[in-house]
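The values are calculated or read from the model by the stated rules, or taken from the named source; none is laboratory data. Fair warning: this is a prediction, and the values are worked out from it, not measured in the lab. In this analysis, Cβ positions are derived from the backbone assuming ideal geometry, glycine residues included, and neighbour counts consider all displayed protein chains. When the accessible area is computed, the model is the full protein with side chains, heavy atoms only, and any ligands, DNA or RNA have been set aside. Shrake-Rupley method; radii C 1.70, N 1.55, O 1.52, S 1.80 Å.
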2 protein chains.
Amino acid sequence: MTPGDPGGLGPELAVRLLAAEPRLFPGRLVIVGSLAALDMHQRRLGIESVYTRLDSLDDVSTLAPGVYGFEPETVKGSQPAPAECVEEGGRVAGECLQTSLDILNRGDAQGLVTGPLCKSTLMAAGFDFPGHTGFLAEGAGLAQDDVCMHLCGPKLRVSLVTTHLPLSQVAAEITGERIVHCLDLTCRFLEKLGVDGPVAVAGLNPHAGEDGLLGREEIEIIAPAVKQAQRLGLQAVGPLPGDTVFHLAACGEFGAVLAMYHDQGLAPLKALHFSDAVNVTLGLPFVRTSVDHGTGFDLVGTGRASTSSLRSAVTLASRLVSGKARSG
Amino acid sequence: MTPGDPGGLGPELAVRLLAAEPRLFPGRLVIVGSLAALDMHQRRLGIESVYTRLDSLDDVSTLAPGVYGFEPETVKGSQPAPAECVEEGGRVAGECLQTSLDILNRGDAQGLVTGPLCKSTLMAAGFDFPGHTGFLAEGAGLAQDDVCMHLCGPKLRVSLVTTHLPLSQVAAEITGERIVHCLDLTCRFLEKLGVDGPVAVAGLNPHAGEDGLLGREEIEIIAPAVKQAQRLGLQAVGPLPGDTVFHLAACGEFGAVLAMYHDQGLAPLKALHFSDAVNVTLGLPFVRTSVDHGTGFDLVGTGRASTSSLRSAVTLASRLVSGKARSG
């Protein structure tokens, strides 16, 4: 687990969650982050340390089950500025993510749970990625387009064809190849989860283009991609109107929705699941789940932020790495 | 009330609703539509006529409270094809809408409740509008941009800056003038409803542009428009990220959300309020509410379609025309 920006909500939520449920993750859970940030919140909240400090990650794969804390050399001595968005926070978050990738790439860990980081300070600190997904894809030797952002809620599950793009650029980025790849990743993920039902593909335009009256992408790109996915044996349907497909999926008609762009998928998902959805990156060679909220600098220390998204992220990662998703 | 396409769900839902609640609308409610369609559903369902037939609309403003039915000359003898989408249905829907506009324009009625129509048959029948809104705006002597589509649910209320546009054209249509006008209409509507709280303006881009990283429209167009609205005394805030603003509004933090485009606003609205939201046209010289669903040709006669959106549309129209919205 990387708590993300040391000044954000990540360290506080990790401490509060693991103090309340020390065995939430039944295997080896190593927090790679600013231990000073964790310790500060523990002192503030008057709770015992939730982790055992590791001085090295050499033997990480042989540790007994439990919660461990490790601070990379480059992070030692860093003094976190709680509730503040500063470049040093971006640096610490980036260094810890890089260290975690090293463990994952050498096979000493099977999954990564990430807390929220601040995109602008991460970039200011020289890590040239607008967020976790690109960082992890490149770190795993993949292109950004090889992976797919997925939001997994109790009732609604949503994958995204495009993510952090200006709206005016979305239409040009929608390709049949990308849709088929996202459908493939989403269908495989649903199978791991033990969730039935097809993946419904949302249209790009209002009313899924209304037979071409409101846009041609459904006819020229999306419908042919859905047909190709079906020929490949994938359970996919659509394109369906983006205003109603999420409701139908949440009612159980579909296993997931493939949304064309960020707000189309995330607005209904967060309307239904504000604090209990998990962000999952599909297509990486390891499991990666994340909280579904931001750094919330203004909430740090107030006790008002919920641990439930982090709890869901840890639980889902646990199910996925142990291969027990289907029975979980 | 115009039930919309005579072969769609409108006539069936009107009959079912008014049979169950004959005094739902406490004033004069005149159904302008194919009476053959209403009668067919009444016979099929074995219920007494829910309306008193009118042969003329000349004295409509002096009628006693109750439910009346009127069939324009041009619609008489038309045989509805239930559960079928045919051009004749578009013609009947268009003629009845035109007749209703005549009554409204001469001041003999204060509001209009519309059932669902089929855009393609309406256009095929020579009414060159892609839906109700443009038809009504032009009929009232207004431009399309003078009015604003609003979806009013029990918890979430959403106005739209743009509606039925291909997604690739949305960004180019966002103007400060339009945003300020929609904010003005929405604030005045909330006041009539007796709903407090500012109108939150959604960003166009993911994360409301994230300080320009993901698009410049928030900085160049939306934020200045919100400031201008505030200078005009309107209660407006934003731009706020489109993925979370609808959840916050549904929790009561805002009175309504101004969404930039169709699916951004309607996907979260329908996720929360699938069958109990009302479509309201703001900016017309009369009250206009509408069901929030389509013609549902495949559901006609199955008994599976809910009357709840039509019920909400009638109730809200009643509150708005009687000026009792605040106390209702």
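Tabulated values for the structure
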item	result
Filtered residue count, segment A:269-315, keeping only those that are part of a loop (DSSP other than H, G, I, E, B), surrounded by fewer than 23 Cβ atoms within 10 Å (Cβ to Cβ) and among the hydroxyl-bearing types (Ser, Thr, Tyr)	4
A:Leu101 being closer than 25 Å to A:Met40 by Cα, of a type in the set (A, V, I, L, M) and either surrounded by 19 or more Cβ atoms within 10 Å (Cβ to Cβ) or over 19 Å from the mean Cα position of the chain (by Cα) (or both)	no
Segment B:1-23, residues that are modelled with pLDDT of 95 or more, surrounded by fewer than 23 Cβ atoms within 10 Å (Cβ to Cβ) and not acidic (Asp, Glu)	B:Arg16, B:Leu17, B:Ala19, B:Ala20
Hits in segment A:1-28 (condition: within 20 Å of the chain's Cα centre (by Cα), in a loop (DSSP other than H, G, I, E, B) and farther than 19 Å from A:Leu104 by Cβ)	A:Asp5, A:Pro6, A:Gly7, A:Gly8, A:Leu24
Among the residues listed as A:Gly139, A:Gly115, the single one being of a type in the set (Gly, Ala, Ser) and under 30 Å from A:Val201 (Cβ atoms)	A:Gly139
Which listed residue, of A:Phe286, A:Phe274, is at the interface with chain B (Cβ under 8 Å from one of its Cβ atoms) and not acidic (Asp, Glu)	A:Phe274
Residue count for segment A:271-292, restricted to those that are of a type in the set (Ser, Thr, Tyr) and on the phi > 0 side of the Ramachandran plot	0
Those residues of segment A:194-215 which are more than 14 Å from every other protein chain (Cβ to nearest Cβ), touching a helix residue (DSSP H, G or I) at 6+ places or on another chain (Cβ under 8 Å) and of a type in the set (A, V, I, L, M, F, W, C), in sequence order	A:Val199
Boolean, B:Thr74 is of a type outside the set (Lys, Arg), surrounded by fewer than 17 Cβ atoms within 10 Å (Cβ to Cβ) and touching a helix residue (DSSP H, G or I) at 6+ places or on another chain (Cβ under 6 Å)	yes
Helices (runs of 4 or more DSSP H) contained entirely in segment B:29-128, each with at least 1 residues that are modelled with pLDDT of 95 or more	B:35-45, B:87-105
Members of segment B:168-182 that are within 14 Å of another protein chain (Cβ to nearest Cβ) and either charged (D, E, K, R) or open to solvent by 60 Å² or more (accessible area, probe 1.4 Å) (or both)	B:Ser168, B:Gln169, B:Ala172, B:Glu173
Among residues of segment B:191-235, those that are over 23 Å from A:Asp263 (Cβ atoms) and among the hydrophobic types (A, V, I, L, M, F, W, C), counted	4
Among (1) without any contact (Cβ under 8 Å) to a residue 40 or more places away in the chain; (2) surrounded by fewer than 19 Cβ atoms within 10 Å (Cβ to Cβ); (3) more than 27 Å from A:Asp298 (Cβ to Cβ) - the single one A:Ala124 does not satisfy	(3)
Search result, residues across segment B:157-208 that are among the β-branched types (Val, Ile, Thr) and assigned to a helix (DSSP H, G or I)	B:Val170, B:Ile179, B:Val180, B:Thr186
Segment A:237-251 - residue that is more than 7 Å from every other protein chain (Cβ to nearest Cβ) and of a type outside the set (A, V, I, L, M, F, W, C) and, of those, farthest from A:Ile221 (Cα to Cα)	A:Pro241
Any hit, segment A:44-58, residues being at positive phi and either out of contact with any helix residue (DSSP H, G or I) (no Cβ under 8 Å at 6 or more places or on another chain) or not assigned by TED's automatic domain parsing to the domain that holds A:Leu310 (or both)	yes
Exclusive hit being surrounded by 20 or more Cβ atoms within 10 Å (Cβ to Cβ) and either farther than 20 Å from B:Glu71 by Cα or in contact with a Phe, Trp or Tyr (Cβ under 6 Å, 6 or more places away or on another chain) (or both), set B:Cys148, B:Cys118	B:Cys148
Complete set of residues in segment B:226-263 that are at negative phi and either assigned to a strand (DSSP E or B) or not assigned by TED's automatic domain parsing to the domain that holds B:Thr175 (or both)	B:Ala236, B:Val237, B:Pro239, B:Leu240, B:Ala256, B:Val257, B:Leu258, B:Ala259
Test result for B:Leu266, in contact with an Asp or Glu (Cβ under 9 Å, 6 or more places away or on another chain) and either crowded, with 24+ Cβ neighbours inside 10 Å or not assigned by TED's automatic domain parsing to the domain that holds B:Glu173 (or both)	yes
Looking only at segment A:129-156, and only at residues there that are in a loop (DSSP other than H, G, I, E, B), touching a residue at least 40 places away in the same chain (Cβ under 8 Å) and more than 14 Å from chain B (Cβ to nearest Cβ), the one that is nearest to A:Leu272 (Cα to Cα)	A:Val147
Residue count for segment B:28-49, restricted to those that are surrounded by 17 or more Cβ atoms within 10 Å (Cβ to Cβ) and in contact (Cβ under 8 Å) with a residue 12 or more places away in the chain	14
Filtered residues of segment B:252-263 (kept if away from chain A (no Cβ under 11 Å) and either out of contact with any Pro (no Cβ under 8 Å at 6 or more places or on another chain) or crowded, with 24+ Cβ neighbours inside 10 Å (or both))	B:Gly252, B:Glu253, B:Phe254, B:Ala256, B:Leu258
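Rundown of residues vs (1) of a type in the set (Asp, Glu); (2) within 15 Å of the chain's Cα centre (by Cα); (3) not assigned by TED's automatic domain parsing to the domain that holds A:Phe189, yes/no style:
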{"residue": "A:Ala124", "(1), (2), (3)": "no, no, yes"}
{"residue": "A:Phe127", "(1), (2), (3)": "no, no, yes"}
{"residue": "A:Pro130", "(1), (2), (3)": "no, yes, yes"}
{"residue": "A:Gly134", "(1), (2), (3)": "no, yes, yes"}
{"residue": "A:Gly139", "(1), (2), (3)": "no, no, yes"}
{"residue": "A:Lys155", "(1), (2), (3)": "no, no, no"}
{"residue": "A:Val158", "(1), (2), (3)": "no, yes, no"}
{"residue": "A:Thr163", "(1), (2), (3)": "no, yes, no"}
{"residue": "A:Pro166", "(1), (2), (3)": "no, no, no"}
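Here is a yes/no grid of residues against (1) open to solvent by 20 Å² or more (accessible area, probe 1.4 Å); (2) at pLDDT below 95:
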position	(1), (2)
A:Lys192	yes, yes
A:Pro198	yes, no
A:Val201	no, no
A:His207	yes, yes
A:Glu210	yes, yes
A:Leu213	yes, yes
A:Glu218	no, no
A:Val226	no, no
A:Ala229	no, no
